Amino acid sequence: CYHCEYVCTPIAAAAETSALYDNPEYFDGWGCNLEFDYDRFEPAVHQQVRDYLDFIGKHTEGKSLLDVGTGSGLLPQMARTRGYEVEGTDLSKHVSENVPAKTGFPIHHGAIEDIDFKRKYDLITMLHVLEHTSDPLSTLKRCKELLNEGGFAVVVVPNYQSLDSRIKDLLSAFKLKS
């Protein structure tokens, strides 16, 4: 957006998006692995999630947490060890079928706008998710509908102008991500 400098990933057709996120290889790299073996994730990935959870613990209240775009499920898995009651959402059928079997918490398959939730939450996290949506305002409105009174949405988006982002872009371009 030229007005606010919001940047999103290229929007693909629904079939392309499903094919991308349903491919288990998508989750192999950047310190993670496609088996969702958290013990083998890079220590930096665990530290980043601990930092997010420390921030959440310091600046929010409540214990029911919905992690939108949960991916590997590491954030809800670690949040659960801190006493949170957790659920996730993901566009990936691979994630929604495999992570719950490994972790024991539910992951709803689909976009947050399309899921028929049976409850509301104290906290909703969207870590590096909003930039992947075709209508971020609709996504945020749906989060608001799903929050309990006084609930919190924690949204993290990348700074595409940072050195870190530029290095990751180069690694991806040369297929060197790991």
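The values are calculated or read from the model by the stated rules, or taken from the named source; none is laboratory data. These numbers come from a predicted model, not from an experiment. For neighbour counting, all protein chains shown are included, and Cβ atoms are generated from backbone atoms with ideal geometry for every residue, glycine included. Only protein heavy atoms, including side chains, enter the accessible area calculation; ligands, DNA and RNA are left aside. Shrake-Rupley method; radii C 1.70, N 1.55, O 1.52, S 1.80 Å.
For residue 61, indicate whether it is part of a strand (DSSP E or B) and either open to solvent by 20 Å² or more (accessible area, probe 1.4 Å) or farther than 13 Å from residue 125 by Cβ (or both). Taking the combined requirement at face value, the residue does not satisfy it. If you go through the stretch 65-112 and keep only what is more than 14 Å from the chain's Cα centre (by Cα) and either surrounded by 22 or more Cβ atoms within 10 Å (Cβ to Cβ) or of a type in the set (Phe, Trp, Tyr) (or both), you end up with 84, 105. If you go through the stretch 113-129 and keep only what is in a strand (DSSP E or B), over 13 Å from the mean Cα position of the chain (by Cα) and not aromatic (Phe, Trp, Tyr), you end up with 122, 123.
One line per residue, one yes/no per condition, for (1) open to solvent by 50 Å² or more (accessible area, probe 1.4 Å); (2) under 21 Å from residue 36 (Cβ atoms); (3) touching a residue at least 60 places away in the same chain (Cβ under 8 Å):
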| site | (1), (2), (3) |
| --- | --- |
| 114 | yes, no, no |
| 128 | yes, yes, no |
| 146 | no, no, yes |
| 150 | yes, no, yes |
| 155 | yes, no, no |
| 167 | yes, no, no |
| 170 | yes, no, no |
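Among the numbered conditions (1) in contact with an Asp or Glu (Cβ under 6 Å, 6 or more places away or on another chain); (2) free of Cβ contacts under 8 Å to residues at least 60 places away in the same chain; (3) part of a helix (DSSP H, G or I); (4) not aromatic (Phe, Trp, Tyr), the only one that residue 88 does not meet is (3). Of the numbered criteria (1) closer than 15 Å to residue 63 by Cβ; (2) outside any loop (DSSP other than H, G, I, E, B); (3) not aliphatic (A, V, I, L, M), the one residue 83 fails is (2).
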